[in-house]
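Working notes, beginning with the structure itself.
The values are calculated or read from the model by the stated rules, or taken from the named source; none is laboratory data. Quick caveat: nothing in here was measured; it's all calculated off a predicted structure. For neighbour counting, all protein chains shown are included, and Cβ atoms are generated from backbone atoms with ideal geometry for every residue, glycine included. Just so you know, the surface numbers come from the protein's heavy atoms only, side chains and all, with ligands and any DNA or RNA stripped out. Shrake-Rupley method; radii C 1.70, N 1.55, O 1.52, S 1.80 Å.
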Amino acid sequence: MALLYTDAEEAERTREMSKPIPNLGNSKNTIEILNKYKFVFQKRYGQNFLIDEHVLGKIIRSADITEQDFVVEIGPGIGTLTQYLAAAAREVAAIEIDDALIPILEDTLSGYENVTVIHEDVLKVDLRKLAQEKNGGKPIKVVANLPYYITTPIIMGLFENQVPVDSITIMVQKEVADRMKTGPGSKDYGALSLAVQYYARPELVANVPPNCFMPRPRVGSAVIRLTRHEKPPVEVRNETLMFRIIRASFNQRRKTLVNGLGNAPELRIPKEQTTTVLEEMGLPAGIRGEALELSQFAELANRLEEQMEKTLE
């Protein structure tokens, strides 16, 4: 029996069938395109291009990219991962800062009509507006291969600026991925761990060795998926206060929580006040911030705010 499609469905099927097969993702083709454009790697941008098709496929699967998705890719490089995203998604916006990569992207992505390259610093792009224009304000998926120096600003910018995000699937340094998913008691536990876990559920997808990149980085990498919570796992009256407390707790890890909050310029919470609240929570006065879970930081912030309100009455 013949299958019947509406005109719109038939147009979509034709478009999907016409997408070229990704031809990057291996060292041979990557070297060819780099030589063709005499590309010079820029250390300041932390450029390491993926040359492993197995890892690329794993990123697409773990990001759960479908034909209905609008995807934002940060740092497309020469367009390797972009080709895979374009083949799987409805539409892709790839944001690239490096001038030298724009003509390369025009070449490698020429067969993909569903890709828009945005030549800009991602920290200056209004991603909420982009999601509204391209996806009707519905949650988008973000995929990226991020250098160390800009990982935290990008992730926190997506969360704190209320960009409608369904998930963020990113390649980062292994130690950064470990920080995102770890809990109290680990040397990797810190402000980034708590911030990520407040906004999303982190899941380590894959460890990626240096030989999967060109040029080879000095350290291992990992793919981690951050699935946005529908609502935060803890209730906190004042998010800003909680994160100030968290940052103050880890700025000087060896100090007790009481001293950390008392010495933080943006807080200056009297030591006796923090001590009282800790006692009410059943915690010792000499505890350090690295021993507290997210729920305890939320409770601490709520109780301290109540104390502050009483002082002002």
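Observations on the structure shown:
- Relative contact order (percent, whole number), the chain, Cα cutoff 8 Å, 6+ residue spacing: 13 percent
- Each stretch of four or more DSSP H residues adds -39500 (n - 2.57); spread over every residue of the chain, this sum gives -13000 deg cm²/dmol at 222 nm.
- By the rule of a C-alpha distance below 18 Å, with chain neighbours fewer than 8 residues away ignored, the aspartates and glutamates paired with LYS138 are ASP64, GLU67, ASP69, GLU73, GLU91, ASP126, GLU160, ASP166, GLU230.
- Here the chain has 48 percent of its accessible surface on carbon and sulfur atoms, given a 1.4 Å probe and all protein chains in place.
- Rg then Dmax, both in Å and based on the Cα atoms of the chain: 22.8, 79.
- Inter-part distance where region 251-305 and region 55-130 are each reduced to a Cα centre, Å: 43 Å
- Length gained when the stretch SER110-MET308 is fully extended (0.36 nm per residue, less Cα-Cα span): 65.4 nm
- Computed log10 I(q)/I(0) for region 184-242 at 0.12, 0.16, 0.22, 0.27 Å⁻¹: -0.44, -0.69, -0.98, -1.15, from the Debye equation with unit scatterers placed on every C-alpha and solvent omitted.
- Cα-based Kirkwood hydrodynamic radius, region 215-305, one decimal, Å: 14.5 Å
- The relative contact order of region 177-313, computed from alpha carbon pairs under 8 Å that lie at least 6 residues apart in sequence, is 23 percent.
- Karplus-derived 3J(HN,Hα), 6.51/-1.76/1.60, for each residue of region 29-43, Hz, glycine and proline x: 6, 5, 4, 4, 6, 5, 5, 4, 9, 6, 6, 10, 5, 10, 4
- Proximal lysines to LYS271, defined as alpha-carbon separation beneath 19 angstrom and excluding residues fewer than eight positions away on the same chain: LYS255, LYS310
- Too-long pairs where the Cα-Cα distance tops 26 Å, listed order kept, from LYS36/LYS174; LYS134/LYS231; LYS38/LYS58; LYS36/LYS141; LYS43/LYS181; LYS38/LYS174: LYS36/LYS174; LYS38/LYS58; LYS36/LYS141; LYS43/LYS181; LYS38/LYS174
- Among THR169, ALA86, VAL117 the positive-end extreme of the charge dipole of region 67-180 (Cβ point charges): THR169
- FRET efficiency for the GLU53 to GLU120 pair, using the beta carbon distance and R₀ = 25 Å, is estimated at 0.30.
- Computed over protein heavy atoms with a 1.4 Å probe, the accessible surface of the chain works out to 51 Å² per residue.
- Relative contact order (percent, whole number), region 71-207, Cα cutoff 8 Å, 6+ residue spacing: 20 percent
- Loop-located GluC sites (Glu not before Pro) in region 35-93 whose Cβ has at most 14 other Cβ within 10 Å (DSSP): GLU67
- A simple packing score, the average count of other Cβ atoms within 10 Å per residue, orders the peptides 295-303, 126-134 as 295-303, 126-134, with the highest score first.
- Taking amide H positions as modeled 1.01 Å from N, with prolines and chain starts lacking one, the residues under 5 Å from SER221 and 5 or more places away or on another chain are LYS174, VAL208.
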